[in-house]
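Colleague: There's a structure below that I have some questions on.
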There are 2 protein chains.
Amino acid sequence: MSTAGAGRGAGASVDVIGIGNALVDVLSHETEAFLETYELVKGSMALIDSERAHSLYDEMGPAIEISGGSAANTMVGITSFGGSADFVGRVRDDQLGTVFAHDIRAAGVGFATPPASRGASTGRCLILVTPDAERTLNTFLGAASEIGPEDVEPAAIGAAQITYLEGYLFDQPKAKEAFRRAAALAHDADRRVALTLSDGFCVERHRDDFVALVENQIDILFANENEICTLYDVGDFDAALQNVLHHCEIAALTRSARGSVVVSGSDVHVIDAHPVPGGVFDTTGAGDLYAAGFLYGFTHGYDLGRCGQLGALAAAEVISHLGARPETSLATLAGSLLS
Amino acid sequence: MSTAGAGRGAGASVDVIGIGNALVDVLSHETEAFLETYELVKGSMALIDSERAHSLYDEMGPAIEISGGSAANTMVGITSFGGSADFVGRVRDDQLGTVFAHDIRAAGVGFATPPASRGASTGRCLILVTPDAERTLNTFLGAASEIGPEDVEPAAIGAAQITYLEGYLFDQPKAKEAFRRAAALAHDADRRVALTLSDGFCVERHRDDFVALVENQIDILFANENEICTLYDVGDFDAALQNVLHHCEIAALTRSARGSVVVSGSDVHVIDAHPVPGGVFDTTGAGDLYAAGFLYGFTHGYDLGRCGQLGALAAAEVISHLGARPETSLATLAGSLLS
């Protein structure tokens, strides 16, 4: 066990603070034909407006509501490992906002952002799960897009070893400002900043911004194969890997069933995917929970290889059932990996 | 295949119309200790007020929202078998009301009751699932309790072979009036009336009413062992069975893992429970789905033994996963049982 996470973590009272879109997931099982009819790109996240959200919901089958949001899922994963986490994100003072706030607090995550008392309703993500367990996301941001720099408290950022940001925030100007302010505050407090690229289309929409950001402000980068290849506009994983090596301190790159690669300078780990005994049921949250396992390991002083293994373990748990938050204690599941 | 369901079904365009509490279930996994702390009686349904709903929700772990309501679940089960069903129940014009209406319509059930534009919010049922897969219900009726006789349309009742009523309606004066009106209208139209006793405590609260009702107005009675014993204030199942034989045309009595008994005069069937290969996960909805299978079979002319088998099959499906509505097509699952 090395002390990879030490140093800049000194004096922090919280492992990770996450900033992201506060969303309630609305999940239904749909056929491939359904995706074709509504011209949805499987595996991607599309931003939709209120009108589209209503018309798509009308066409969806019976659904289940579960709190979600990428960075929020990651924070819940960290507490499931026994770590500590805060979340910053905006809901409205409506029923779905109450659900979101209840669920994240019940999971042990600190959540102090006050709900908006006017404006759009709480954001939701309509998630269509196809028979191959892939998920296609349609996000109505609603109140989530109202997150702004004023919601980022210097004391809260300074209290966390790592500030974790989701790339999705780049889709909204105010949220992007919040993102930049958080990164600056974290570095001012001698803390690390982590980013997840979130989605290939999101990366494509903001490629230059993301490249500059990764080079200058991000210490720990999370991306899947599609996202990292899109970021560097290259056709294969190894080419992307060679690029990222020079651009940030640590990169954790996930490749679905092919496992993940963790790199930090010359320190490279190739991690196998964790088995899913009952089969993959719903891939929603795989990347979010990988980041949770990794960040828990990192902030508790495990070496990067072990961090990757913890990420793989958490991802395997969340894809074995519906929804993007763990159903069983990740600390218990991890067992000897945490010794 | 006999024609048990024929005769009084002639000319009906809908198999079953259900009247009940429109509720969204809020499910979380809790320990036995949690039930003790909050003095909850495992396996029962308690009516709670808004204040208690808030304080209990605050203490519950992360939850999942799924549309529920006893009679509503049964109607969804009937459509999953390929039957036709309508539902009458009240929600408010809020987010949870939208969820309820979406889910029941997406399942193919007709739902025409307009949402209330004032008054209490949409009702919800806080469901605590303990490690033994038992569920303990805490119902805040909210808008559901506003259902009244004016919501019962003679044309809709007359169009259905069977009017299915949940005993829970007896807890609210207006709902009870709706119940009585529906039963009277159904009989006026030469249709059958079915009742589920819903819950032992509910039966205890209204025992005399229920006994008179079963004797005079109910053609098909659904009850579990606890409910039927409570109804006749007897200590064992066989004693209850001897009572019910003289009181209504058909009784379907469920006994959890011990299967069910269907009686109609001298026609008696003892049905085994259907196996649950992956194990019982959450018993919520077992009785509701038993009724669905039974009523689908009955309205499609199957004999009473087969009706009981279809009930057992549907109950087995719904207890194999979280939530009280089927996740897979019951028509497909039933396969040769429907030949």
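We did not get these values from a lab; they are worked out from the coordinates using the rules stated. Being a predicted model, the structure only gives us computed values, none of them experimental. Every residue, glycine among them, receives a Cβ derived from its backbone with ideal geometry; neighbour counts consider all protein chains shown.
Colleague: Normalising by the residue count of segment A:23-98, find the relative contact order in percent from Cα pairs under 8 Å and 6+ residues apart.
Modeller: 42
Colleague: Which of the aspartates and glutamates could be linked to A:K174 by a straight reach, that is with a Cα gap under 12 Å, when you skip same-chain ones fewer than 8 residues away?
Modeller: A:E146, A:E150, A:D151
Colleague: What average count of beta carbons from other chains do you get within 10 Å of the Cβ of residues in A:102-112?
Modeller: So the per-residue partner count for this stretch is 3.
Colleague: Now for a different question. Along the Cα→Cβ direction, 7 angstrom out, place labels at B:E36 and A:D58. What is the inter-label distance in nm?
Modeller: Spacing of the two 7 Å Cα→Cβ label points: 5.3 nm.
Colleague: Considering every Cα-Cα pair within chain A, what fraction, in whole percent, is farther apart than 35 Å?
Modeller: When every Cα pair of chain A is considered, 13 percent fall beyond 35 Å.
Colleague: In peptide B:23-29, what is the residue-averaged number of other protein chain Cβ atoms found within 10 Å of each Cβ?
Modeller: Mean partner-chain Cβ count within 10 Å for B:23-29: 2.
Colleague: Within 10 Å, count the other beta carbons around each residue, average over each peptide in A:291-298, A:316-323, and list them highest first.
Modeller: Sorting A:291-298, A:316-323 by mean packing, highest first, produces A:291-298, A:316-323.
Colleague: Could you work out the per residue convex hull volume over the alpha carbons of segment A:96-235, in cubic angstrom?
Modeller: Enclosed volume per residue, from the Cα hull, is 132 Å³.
Colleague: If I take every Cα pair under 8 Å that is 6 or more residues apart in chain A, average their sequence separation and divide by the length, what percent do I get for the relative contact order?
Modeller: Computed value for chain A: 20 percent relative contact order.
Colleague: What order do you get for A:277-289, B:38-50 when each peptide is scored by the mean count of other beta carbon atoms within 10 Å, highest first?
Modeller: A:277-289, B:38-50
Colleague: Find the all-direction average of the projected area of the Cα convex hull for the protein assembly as shown, expressing the result in square nanometres with one decimal place.
Modeller: So the mean shadow area of the Cα hull is 29.2 nm².
Colleague: On the principal axes of its Cα set, how long, how wide and how thick is segment A:1-156? Give whole Å, largest value first.
Modeller: Sorted largest first, the three principal extents are 54, 42, 24 Å.
Colleague: What does the average come to when, for each residue of peptide B:94-100, you count the partner chain Cβ atoms lying within 10 Å of its Cβ?
Modeller: 5
Colleague: Taking amide H positions as placed 1.01 Å from N in the peptide plane, with prolines and chain starts having none, which residues 5 or more places from A:T113, or on another chain, fall under 5 Å of its amide H?
Modeller: A:G89
Colleague: Per 10 Å bin, what percent of the C-alpha pairs of segment A:115-158 does each bin hold, from zero upward?
Modeller: Bins of 10 Å from zero give 24, 31, 27, 16, 2 percent of pairs.
Colleague: Another question, if that's okay. Averaging over every viewing direction, what projected area does the convex hull of the Cα atoms of segment B:233-339 cover, in nm²?
Modeller: 7.1
Colleague: Based on DSSP H runs of at least 4 residues, each adding -39500 (n - 2.57), what is the mean residue ellipticity at 222 nm of chain B after dividing by all its residues, to the nearest 500 deg cm²/dmol?
Modeller: The helix contribution divided over chain B gives -11000 deg cm²/dmol.
Colleague: While we're on this one: Can you tell me the dipole magnitude for segment A:63-171 around its Cα centre, using point charges on the Cβ only (Lys, Arg +1; Asp, Glu -1), in Debye to the nearest 20?
Modeller: Value, rounded to 20: 140 debye.
Colleague: Now for a separate question. Quick one: if you stick a label point 7 Å off each Cα along the C-beta vector at B:S50 and A:V234, how many nm between them?
Modeller: 6.0
Colleague: Moving to a separate point now. Rounded to the nearest Å, what's the spacing between the alpha carbon centres of segment B:10-31 and segment A:191-269? Just the number, please.
Modeller: 48
Colleague: Considering only C-alpha atoms, what is the centroid distance from segment B:40-63 to segment A:133-182, in Å?
Modeller: Their Cα centres are 33 Å away from one another.
Colleague: Compute the FRET efficiency between B:A155 and A:A212 as 1/(1 + (r/R0)^6), taking r as their Cβ-Cβ distance and R0 = 56 Å, and round to the nearest 0.05.
Modeller: Computed FRET efficiency for B:A155 and A:A212: 0.25.
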